[in-house]
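Worksheet: one structure, shown below.
Each value in this text was obtained by applying a stated rule to the coordinates, not by laboratory testing. Nothing here was measured: the structure is a model prediction, and the numbers come from that model. Here the Cβ positions follow ideal geometry from the backbone for every residue, glycine too, while neighbour counts run over all protein chains shown.
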Amino acid sequence: MIDLMGLSQLFIAVICFGTTLVPVKKYSAGDGFFAQWIMSIAIMLFGFIVFAFQDFEYFNPHAMLGGVFWSLGNMMAIPIIKRLGLALGLFIWNATSCIFSWIPGTFGGFGIEARPASIMWLSVLGLITYEVYKESEGHYKRINIQTKELTNFVENVEEQSSLDTNNESDTEAKSKSTKLIGLALALACGFFWGINLLPIIRIQDNHIEFPHAPKEGLPYVFSHFCGAFITSSIGFLVYAIISQKLHFLERQTTTLRNKMEINPQITIPALAAGSLWAIAETLLINATAQLSVSITYPISVMLPGCIAALWSVLYFKEIQHGKNLILLISAIFVTLCGAICIGVSK
């Protein structure tokens with residue numbers, strides 16, 4: 001019964017994750033950092049509501065680390081896209097995050113109890129199916145949909161600055177050193193996203209060190225979101241200061257490329273998107289407490305792209321027929337197979 005409840009919450013979380021970018025789709029996100037910060041405000045507000053619902057009973061500073069890790073990974077996404085493009089960046093950080101969540105969740109370590117799947121080979125098969133398909137998916141970026149919707153919100157940046165890999169003016173940006181930096185950032189991003197739930201699990205698994213720690217996931221939501229909001233706010237402040245400084249220096253050379261791009265119209269949609277993400281993350285944290293991070297996190301990485309793709313086809317009508325639709329259906333089918341294998345392995 002607990003497994004069924006956890007899987008139900010995970011299913012709703014996947015829908016919310018996949019719907020996160022729908023409110024902001026029709027608006028320019030500028031450089032992305034302002035939209036990211038506004039979303040973090042909504043996340044914090046939702047976390048406070050959950051905290052109030054819990055009668056302000058439990059706050060653990062150690063659980064804030066998970067939010068810090070998530071925000072650090074989130075802030076790396078824009079530089080990664082600009083250096084590697086969305087397709088390669090998405091593959092690297094998704095693959096890395098799946099691995100770094102699945103291994104400790106399955107075999108333990110870092111103060112976390114091992115929670116292997118009941119049918120281990122099925123769990124491994126699901127993970128391999130997803131990873132191998134993503135690696136062979138180089139042609140997928142040619143599908144005429146907004147692929148930037150298939151992952152977290154900070155990737156909803158201007159198309160010219162993040163997705164145009166064929167522009168001659170990007171030659172310098174695609175140099176070897178730049179790609180190496182992008183690769184390192186993508187690996188770090190995937191690592192931070194993969195371990196963002198581990199601080200909560202470590203608290204739950206160590207009753208000697210944390211004798212009053214609840215086993216449920218809900219009491220940790222506010223702590224987790226506090227870490228995310230504080231880190232995102234600091235990151236936005238640092239970015240604003242650096243951008244202002246660079247803009248001031250470039251005024252002397254008439255080359256104005258580092259001016260912050262803020263679109264006020266995206267404020268309300270970004271708050272809505274942040275609320276959707278907060279709901280999804282809350283359900284994911286609660287589902288993880290009932291299942292295992294080796295089950296919940298890979299599925300939460302794999303399936304939101306399918307939901308976003310369905311929005312693109314059914315609501316935005318970006319694909320209606322032809323080869324692109326067939327490719328998209330095959331992508332959704334393979335991803336579902338991998339997710340089902342992981343879910344059933346529990």
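Per-residue HN-Hα couplings for the range 90-99, Karplus 6.51 cos²θ - 1.76 cosθ + 1.60 at θ = phi - 60°, whole Hz, x for Gly and Pro?
With coefficients 6.51, -1.76 and 1.60, one gets 4, 4, 5, 6, 5, 4, 5, 5, 4, 5 Hz.
List, in the order given, every pair from 82/317; 82/176; 82/245 whose Cα-Cα distance in the structure shown is over 19 Å.
Correct reply: 82/317; 82/245.
Which order do the peptides 263-272, 66-75 take when ranked by the mean count of other beta-carbon atoms within 10 Å per residue, highest first?
My ranking of the peptides, most packed first, is 66-75, 263-272.
On a C-alpha basis, how far is the centre of the range 302-326 from the centre of the range 76-100 in Å? Whole number, if you could?
21
Gain in length, residue 128 to residue 5, computed as 0.36 nm per residue apart minus the alpha-carbon separation, to one decimal in nm?
So the extension gain works out to 41.7 nm.
Please arrange 82, 323 by how many other C-beta atoms lie within 10 Å of their C-beta, fewest to most.
Sorted ascending by nearby Cβ count, the order is 323, 82.
Give the shape of the range 26-100 as rounded, prolate or oblate, defined through the alpha-carbon gyration tensor: a ≥ b ≥ c are the square roots of its eigenvalues, a/c under 1.5 means rounded, and otherwise the shape is prolate if a/b is larger than b/c and oblate if not.
Judged from the Cα gyration tensor, the range 26-100 comes out oblate (a/c at least 1.5, b/c at or above a/b).
Using the count of nearby Cβ atoms within 10 Å as a rough guide to exposure, how do 341, 189, 306 rank from fewest to most?
Numbers: 341 21, 189 25, 306 18.
So the ranking, lowest neighbour count to highest, is 306, 341, 189.
Please report 326, 38 as a ranked list, fewest other C-beta atoms within 10 angstrom at the top and most at the bottom.
In increasing order of surrounding Cβ atoms, one gets 326, 38.
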